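Working notes, beginning with the structure itself.
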Number of protein chains: 2
Amino acid sequence: MGRSRAAQPDSKPADGLAFLLSQVGAHSALRFAERLEPLNLVPAHVGILRVVKEGNGLSQQALGEALGVFPSRLVQLIDELEERGLVERRKNPADRRTYALHLTEKGVATYEQLGRVAREHQETLCAALNESERAQLASLLSRIATEQQLAPGVHPGFRKLGGPPKA
Amino acid sequence: MGRSRAAQPDSKPADGLAFLLSQVGAHSALRFAERLEPLNLVPAHVGILRVVKEGNGLSQQALGEALGVFPSRLVQLIDELEERGLVERRKNPADRRTYALHLTEKGVATYEQLGRVAREHQETLCAALNESERAQLASLLSRIATEQQLAPGVHPGFRKLGGPPKA
DNA sequence: GTGAATCGTTACAGTCAATAATCATTTTCC
DNA sequence: GGAAAATGATTATTGACTGTAACGATTCAC
């Protein structure tokens, strides 16, 4: 952290790295969310579209499991995507309790647009680095993500963990 | 994103870098918050302690300005820190509207302990990387942070930006 | 010296997400 | 074959959190 005094010899060169990570990461998330606004989407929608696209006709339960979000929260999110005509809930004849989730044609198109938005976002975010440096950064981050057992494509989100310190 | 089909030749090697950044960053923030729980502190407290420690006797207004938090929110946060005996609000004889914020002895001790906690956190988080790789990562991130005009030590927090997409 | 501006505080309101309860359907097991 | 337990989706409720606005005290401008 703040080493504004030149007295001590900065024992660790990478001191504050964890903070830097969290800072830049939050910035990335925030800026991406901004880019999503014109599309009337929130970050959680993007993850849903991705998983729905690849997991052909999965149930809401399975989706929630894959993304780590509560089923009750999924209901609203999918409602919104359905209202926008991006996702449809098809009846599952085998098990009439569950829905089979599918992307509509518009949903596929939107998903592709999201790819472009994400690329633009990344381009802006990493403007300071050249191509090889970006690859380096990605490699380092991937290794951290793997070692920390972060599931690819699953965002930790910002869910409560133990309640705030009771005053 | 998801390039699960080997058909297309992965045009960008660092595709998904922005997501990775946000993912690992959120993970870092979450884990750090967990480590703060036993101390009965939240991440925002840490930033406050740091700025109060260095800005000798600044006002709440100035603190809020420096950290980008609303004065009304600061009231509660400083209340909590004062209850825990880490910070004190001294009367400012020059301007009786403002308080001069100072760390107590216990506050200084706690701040030093936070340094240790942060180092442990970082050690665990970056276990996958050796010392030189950490320095590399820190350098790359610093360049992004600078280019993106992120103020050192100021966390973007998770504040609203434009209201959620109205359904 | 009166009025505008500033600081800290409190009150208020809107948003959001997790828990628990509900309803339909399906599976288990006797 | 049928009652009871389990499962999926949904709704209701509760609680936390945060930004806006109003408030009282003090200081500054003129």
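The values are calculated or read from the model by the stated rules, or taken from the named source; none is laboratory data. These numbers were taken from a predicted model, which means no experiment stands behind them. Cβ placement follows ideal geometry from the backbone for every residue including glycine, while neighbour counts extend to all protein chains displayed.
Restricting the range A:96-118 to residues that are near DNA strand D (Cβ under 7 Å from one of its atoms) and in contact (Cβ under 8 Å) with a residue 24 or more places away in the chain, which is nearest to A:GLU34 (Cα to Cα)? Selected residue: A:TYR99. Which number in (1) touching a helix residue (DSSP H, G or I) at 6+ places or on another chain (Cβ under 7 Å); (2) on the phi > 0 side of the Ramachandran plot marks the one condition that B:GLN149 misses? With (1) touching a helix residue (DSSP H, G or I) at 6+ places or on another chain (Cβ under 7 Å); (2) on the phi > 0 side of the Ramachandran plot applied to B:GLN149, the lone miss is (1). Considering each residue of the range A:20-38, count those that are crowded, with 16+ Cβ neighbours inside 10 Å and more than 14 Å from the chain's Cα centre (by Cα), and give that number. Of the residues in that region, 5 qualify. Give me the residue from the range B:40-61 that is among the aliphatic types (A, V, I, L, M) and within 16 Å of the chain's Cα centre (by Cα) and, out of that set, nearest to B:ASP95 (Cα to Cα). Taking the candidates together, the pick is B:VAL52. Residue check: is A:ARG134 in a helix (DSSP H, G or I), touching an Asp or Glu at 6+ places or on another chain (Cβ under 8 Å), under 24 Å from A:GLY25 (Cα atoms) and free of Cβ contacts under 8 Å to residues at least 60 places away in the same chain? No; evaluated as a whole, the condition is false for this residue. Is the range B:143-156 home to any residue that is within 15 Å of DNA strand C (Cβ to nearest atom), within 26 Å of A:ALA145 (Cβ to Cβ) and either small (Gly, Ala, Ser) or in a loop (DSSP other than H, G, I, E, B) (or both)? No, the range B:143-156 contains no residue that is within 15 Å of DNA strand C (Cβ to nearest atom), within 26 Å of A:ALA145 (Cβ to Cβ) and either small (Gly, Ala, Ser) or in a loop (DSSP other than H, G, I, E, B) (or both).
Listed residues A:HIS102, A:HIS121; which is assigned to a helix (DSSP H, G or I) and either touching a strand residue (DSSP E or B) at 6+ places or on another chain (Cβ under 7 Å) or under 30 Å from B:LEU150 (Cβ atoms) (or both)?
It is A:HIS121.
When we screen A:ARG90, A:ARG73 for residues that are touching a strand residue (DSSP E or B) at 6+ places or on another chain (Cβ under 7 Å), under 27 Å from A:ASN40 (Cβ atoms) and charged (D, E, K, R), the only hit is A:ARG90. May I ask you to list the residues in the range B:43-75 that are surrounded by fewer than 16 Cβ atoms within 10 Å (Cβ to Cβ), part of a loop (DSSP other than H, G, I, E, B), near DNA strand D (Cβ under 10 Å from one of its atoms) and away from chain A (no Cβ under 13 Å)? Across the range B:43-75, the qualifying residue is only B:PHE70. Per the conditions (1) more than 16 Å from DNA strand D (Cβ to nearest atom); (2) in a helix (DSSP H, G or I); (3) of a type in the set (A, V, I, L, M, F, W, C), the sole criterion not satisfied by B:ILE78 is (1). Considering only residues in the range A:30-42 that are touching a residue at least 40 places away in the same chain (Cβ under 8 Å) and in a helix (DSSP H, G or I), the one that is farthest from the other protein chains (Cβ to nearest Cβ) turns out to be A:ARG35. The condition of being touching a Gly at 6+ places or on another chain (Cβ under 9 Å), charged (D, E, K, R), away from chain B (no Cβ under 14 Å) and not in a helix (DSSP H, G or I) holds for A:ARG90. Considering the range B:145-167, the residues that are more than 17 Å from the chain's Cα centre (by Cα) and at the interface with another protein chain (Cβ under 7 Å from one of its Cβ atoms) include one that is modelled with the lowest pLDDT, namely B:ALA167.
Matching residues to (1) crowded, with 17+ Cβ neighbours inside 10 Å; (2) β-branched (Val, Ile, Thr); (3) touching an Asp or Glu at 6+ places or on another chain (Cβ under 9 Å); (4) within 11 Å of chain B (Cβ to nearest Cβ):
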position: A:GLU83; (1), (2), (3), (4): no, no, no, yes
position: A:ASP95; (1), (2), (3), (4): no, no, no, no
position: A:LEU103; (1), (2), (3), (4): yes, no, yes, no
position: A:VAL108; (1), (2), (3), (4): no, yes, no, no
position: A:TYR111; (1), (2), (3), (4): yes, no, no, yes
position: A:GLU120; (1), (2), (3), (4): no, no, no, yes
position: A:GLU123; (1), (2), (3), (4): no, no, no, yes
position: A:CYS126; (1), (2), (3), (4): yes, no, yes, yes
position: A:LEU129; (1), (2), (3), (4): yes, no, yes, yes
